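Here, each number is a calculation from the coordinates, and none is a lab measurement. What you see is a predicted model; the values in this text were computed from it and never measured. Note that we place each Cβ from the backbone using ideal geometry, even for glycine, and neighbour counts take in every protein chain shown.
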Amino acid sequence: MNPIPPDGRDTGALGLPPLAQVGLVVRDLGASMTQYAALYGPWQRLDGSVQQARYRGRSADVRLDIAIGHSGPVEIELIQWLAGDSPHREFIDSGREGMHHLQYRVDDATGWIGRFEALGYRNIWYKRWCADTQFAYMERPGDPLIIEFLEMPPGGPGTRLPG
């Protein structure tokens, strides 16, 4: 794995916003919530299912059960795959469990997708819900960590509001 893009630029020089979330894929959400409660709880449990997302070039539905906790300002997302097709199923099917992706909340997901494609990443899972809300999971060969870009107004699911 080569952490520096082929053109020699460090991805930190891209001006990414602060890390917003660390996503972990788990086999048993309830057990994981208990296991990590003292570190990242209290948890906000949500239905994370996504319908008609673009997954590896085709439309796919997935049922996900998720819980959101925090470590300071960083969200900790626990994700249990239940049914359907998504990168989470691939992860579990490959025998893995644990850290899966890093999320950055951005104002222009489309622009960030283009920047990361130029660095050798592929957009493998994508959904636009409305004009101001979309996400993309980006992967590159030889790198097990997925980068997620989320464009969403403040106050969306999992967001801690000031106060």
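Odds and ends about this structure:
- Calculated translational diffusion coefficient of the chain (20 °C, 1.002 mPa s; Stokes-Einstein with Kirkwood radius over alpha-carbon pairs) equals 131 µm²/s.
- Efficiency of FRET from Cβ geometry, residue 133 and residue 56, R₀ 30 Å, rounded to 0.05: 0.90
- Ellipticity at 222 nm from helices only: DSSP H runs of n ≥ 4 in the chain, each -39500 (n - 2.57), divided by the residue count, give -5000 deg cm²/dmol.
- Over the stretch 46-128, the hull volume per residue, using the convex hull of the C-alpha atoms, is 122 Å³.
- 3J(HN,Hα) from dihedral phi, the stretch 78-95, Karplus parametrisation 6.51/-1.76/1.60, rounded to Hz, x for glycine, proline: 9, 10, 10, 6, 10, 6, x, 10, 5, x, 5, 5, 3, 4, 5, 4, 7, x
- Residue 48 sits among other residues whose Cβ lies under 15 Å from its own Cβ, and their net charge, with Lys and Arg +1 and Asp and Glu -1, is -3.
- Residue by residue, the stretch 46-60 carries 3J(HN,Hα) couplings of 9, 7, x, 4, 10, 9, 6, 7, 8, 10, 6, x, 9, 7, 8 Hz when phi is fed to the Karplus relation 6.51 cos²θ - 1.76 cosθ + 1.60 (θ = phi - 60°); x denotes Gly or Pro.
- With contacts taken as Cα pairs under 8 Å at a separation of at least 6 residues, the chain carries a relative contact order of 23 percent.
- Rounded to the nearest whole Hz, the Karplus-based 3J(HN,Hα) values (6.51 cos²θ - 1.76 cosθ + 1.60, θ = phi - 60°) of the stretch 22-27 follow the sequence 10, x, 10, 9, 10, 7, with x at glycine and proline.
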